[in-house]
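Data block below; observations after.
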Amino acid sequence: KDQEFVSAAISDATPGLLCVVDRDGRIGEDGVNLSLRQLTGLTNEEFEGRPFWDVFPPPEEAEDVHRAIESAVAGEDIGERESHWLTKSGARRVVAWTFHRLPRVRNVEFLISGTDITERKRQELEIRRERDFGHAVTDATPSLLIVLDPQRRVIAEGGANVAAETVLGYTETDLGGR
């Protein structure tokens, strides 16, 4: 009993998103840690005994998550996955998650552990948009633009605009490093 209390305390103190499931993918009793309950806004009663894929992913991703969990239960290494997990309010969070076999305790056999990467994904998208906008502006500029590194060589990616390639007769790849 003390061991279970300590395990629950450690689980709830962990900032990662933790969920324990049986071999049928059903969420165990007290199977979701505090971080995951806080992220989703769900209570134990709202997920206990239900298949993981019926609770967390949106309907259009549920079958993919279901197949991944079945594959992992069968012993296949599914690696790290990314999918959306829904909150009680319907908000989507992007979660990178993994699936691990546990020592069999009661009817719980597997741990799904995840990290909310929603903000990181938003920042990556913003950076891509800024980069794409910069490339579009640069390529639309009729003047020759060439970007050099500190050794005065043309940088490999984004080092020459379309006007420079056209006038000089080289592709950006040909100019890189020159």
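The values are calculated or read from the model by the stated rules, or taken from the named source; none is laboratory data. A quick note: this is a predicted structure, and the numbers were derived from the prediction, not measured. Cβ: placed from backbone, ideal geometry, glycine included. Neighbour counts: every protein chain shown. Note: areas computed on protein heavy atoms with side chains; ligands, DNA, RNA excluded. Shrake-Rupley method; radii C 1.70, N 1.55, O 1.52, S 1.80 Å.
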Rounded to whole Å², per residue accessible area for the chain with a 1.4 Å probe reads 62 Å²
For region 15-32 and region 156-178, what is the separation of their C-alpha centers, rounded to whole Å?
53 Å
Counting only protein heavy atoms and a 1.4 Å probe, tell me what percentage of region 25-178's accessible area is made up of carbon and sulfur.
51 percent
Between Ser7 and Arg122, Cβ-based FRET efficiency (R0 35 Å, step 0.05) works out to 0.55
Descending accessible area (1.4 Å probe), largest on the left, turns Arg93, Arg23 into Arg23, Arg93
Space enclosed by the convex hull of the alpha-carbon atoms of the chain, per residue, Å³:
182 Å³
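Go ahead and run the numbers for FRET between Thr98 and Asp149, Cβ-Cβ distance against an R0 of 35 Å, rounding to 0.05.
Numbers: r = 39 Å, r/R0 = 1.10.
Efficiency computed from Cβ-Cβ geometry: 0.35.
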Amide H of Gly31: which non-local residues (sequence gap of 5 or more, or other chain) have their own amide H closer than 5 Å, using H built in the peptide plane?
none
Please list, in chain and number order, the residues 5+ apart from Glu109 or on another chain whose amide H is under 5 Å from its amide H, with Hs placed from the backbone.
Val21, Asp22, Arg23
Given a Förster distance of 25 Å, report the FRET efficiency between Ile78 and Asp30 from their Cβ-Cβ distance, rounded to the nearest 0.05.
0.50
How big is the Rg/Rh ratio for region 72-154, C-alpha atoms only, Rh by Kirkwood, two decimals?
1.28
